[in-house]
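A short worksheet on the structure shown next.
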Amino acid sequence: MKKILLYRLLAVLFLTSTIGCTNPYNYEAKGFEDVIVIQAMITNQYKLQEIKLSRTYTLEENTPTFETKATVYITDDAGNKYEFKESDGSYISTSEFQALPDRQYQLHVTTKDGRSYLSTTEKLTTQTQIESLEATAVTKNDILGVQITANSFDPTNTSKYYKYEYEETSKIVAPNWYPLKAVATMFPSGANPKGQITFEERTTEARICFLNNKSDAILLTSTNDLSEDRVTSFPVRFIPSTDNFIRNRYSILVKQYVQSLAGHTFDETLKNISNTGSLLSQTQPGFFSGNIQSVDNPTEKVIGFFEVCSYSEKRLFFNYKEIFPKERIPEYQYYCPVEIPEAQIEEYYFTYCFSNNPNAGCQGNLILDFIYNNVKVFVPNESPSYLLYPIQCGDCTSFSSNIKPSFWID
């Protein structure tokens, strides 16, 4: 959930008032303070749940400091206790569980220095499903693109507050892939030539790969002012038609969380602050808290919110030409010219020979270095010279994964 955005904001924002349902937020200028940041959400998904603990940090620092060696667990009003263990900068539940309706949940955190924190009790929100996703060609701000929208409906009229995230996947097809791979075998140091090039059948996928992205924006909507609890065509993602991420086949997984009013207000406040124009000030005003407080020191500042949200997801696929049948397909992620301009011939064609005469024009050792270090990839051509493209043009694993996702449908 928008971890980088939250960390950057909280590096310079400090609390002056506790979150409320209707009370406005008051901000006052403060200097930097070291404050614990707690990001905690459990859902009705049966899975290993995750909680993040860290400290605020200044803009001069590159990354947040994760809070290590803490004791973290969640309790419910039925006497159950769900323990979490530290794992790669997060706290992961030791067993899978899901939030259940009509249960009250509470978060407990004790840091390694003995400071204890406790959330308010929270219950699962109304379980409302995403009804559908749509991908439509639209023009926004004079830019043609595809708008992905979500639709949802709660006939009980009790959901009201929604948050969305997404994960998107792009199919990558390397334009200069060749089934034979040039392999550089290097000779002992000092040898001239320094090695030789041989060709082998590829044993791993290098033509088709997949790239993944996650949302980094806070996407919120509310139906509180509507006559019915219906989300209609909520804009989750807009992608320009020139974006190469959708040049082949594209998939998006949209995640919907039904929030409580307090949780929605917390995220809305965070979003509003992120939209101000003075975030990069070391004395940026404002510090807001959520529903987590120190047990031993009620005046201690704590940033974060413990949510118990119902969850729904839906996936959508489309090919570029299905959305933009008349548009030119965007260029590949890297420059891989089909026809090499005369002025760039020397950048792509190399003479595979070896000579001690510097005027002979031999580039065998240079070719060996390119192939051995995975800088360039060989592509056959009609001339005796070696045609070498940047590695990304012929081997997509150089910047993406050749593992086909389990959900992928061609």
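Some observations on this one:
- Per-region count, segment 68-109, residues closer than 25 Å to Ala262 by Cα, assigned to a loop (DSSP other than H, G, I, E, B) and open to solvent by less than 40 Å² (accessible area, probe 1.4 Å): 1
- Within segment 223-265, considering residues that are under 21 Å from Trp408 (Cα atoms) and part of a loop (DSSP other than H, G, I, E, B), the one nearest to the chain's Cα centre (by Cα): Asp243
- Number of residues in segment 173-194 that are modelled with pLDDT under 95 and surrounded by 13 or more Cβ atoms within 10 Å (Cβ to Cβ) equals 2.
- Subset of segment 312-333 [crowded, with 17+ Cβ neighbours inside 10 Å and in a loop (DSSP other than H, G, I, E, B)]: Phe324, Pro330, Tyr332, Gln333
- Of all the residues in segment 198-222, those that are part of a strand (DSSP E or B) and closer than 30 Å to Leu270 by Cα number 8.
- The lone criterion from (1) of a type in the set (Lys, Arg); (2) surrounded by fewer than 14 Cβ atoms within 10 Å (Cβ to Cβ); (3) under 25 Å from Leu226 (Cα atoms) left unmet by Lys112 is number (3).
- Within segment 145-172, the set of residues being surrounded by fewer than 19 Cβ atoms within 10 Å (Cβ to Cβ) and not in a strand (DSSP E or B) comprises Pro155, Thr156, Asn157, Thr158.
Okay, residues lined up against (1) surrounded by 18 or more Cβ atoms within 10 Å (Cβ to Cβ); (2) of a type in the set (Val, Ile, Thr); (3) out of contact with any strand residue (DSSP E or B) (no Cβ under 9 Å at 6 or more places or on another chain):
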| site | (1), (2), (3) |
| --- | --- |
| Arg207 | yes, no, no |
| Thr223 | yes, yes, no |
| Thr232 | no, yes, no |
| Phe245 | no, no, no |
| Tyr250 | yes, no, no |
| Val254 | yes, yes, no |
| Gln259 | yes, no, no |
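- Condition met for Arg249 (at pLDDT 85 or above, within 30 Å of Lys321 (Cα to Cα) and of a type in the set (D, E, K, R)): yes
- Residues of segment 39-66 satisfying the condition of being of a type in the set (D, E, K, R), at pLDDT below 95 and open to solvent by 70 Å² or more (accessible area, probe 1.4 Å): Glu60, Glu61
- The set of residues in segment 343-368 that are touching a residue at least 60 places away in the same chain (Cβ under 8 Å) and in a helix (DSSP H, G or I) comprises Gly364, Asn365, Ile367, Leu368.
- The single residue among Ile371, Ile409, Ile340, Ile403 that is open to solvent by less than 70 Å² (accessible area, probe 1.4 Å), in a loop (DSSP other than H, G, I, E, B) and under 30 Å from Ser170 (Cα atoms) turns out to be Ile340.
- Check on Asp216, of a type in the set (Asp, Glu), free of Cβ contacts under 8 Å to residues at least 12 places away in the same chain and at negative phi: no
- Only a single item in (1) part of a loop (DSSP other than H, G, I, E, B); (2) crowded, with 18+ Cβ neighbours inside 10 Å is not met by Val377, and it is number (1).
The values are calculated or read from the model by the stated rules, or taken from the named source; none is laboratory data. These numbers were taken from a predicted model, which means no experiment stands behind them. We place every Cβ from the backbone using ideal geometry, glycine too, and count neighbours over all the protein chains shown. Accessible surface areas use protein heavy atoms only, side chains included; no ligands, DNA or RNA. Shrake-Rupley method; radii C 1.70, N 1.55, O 1.52, S 1.80 Å.
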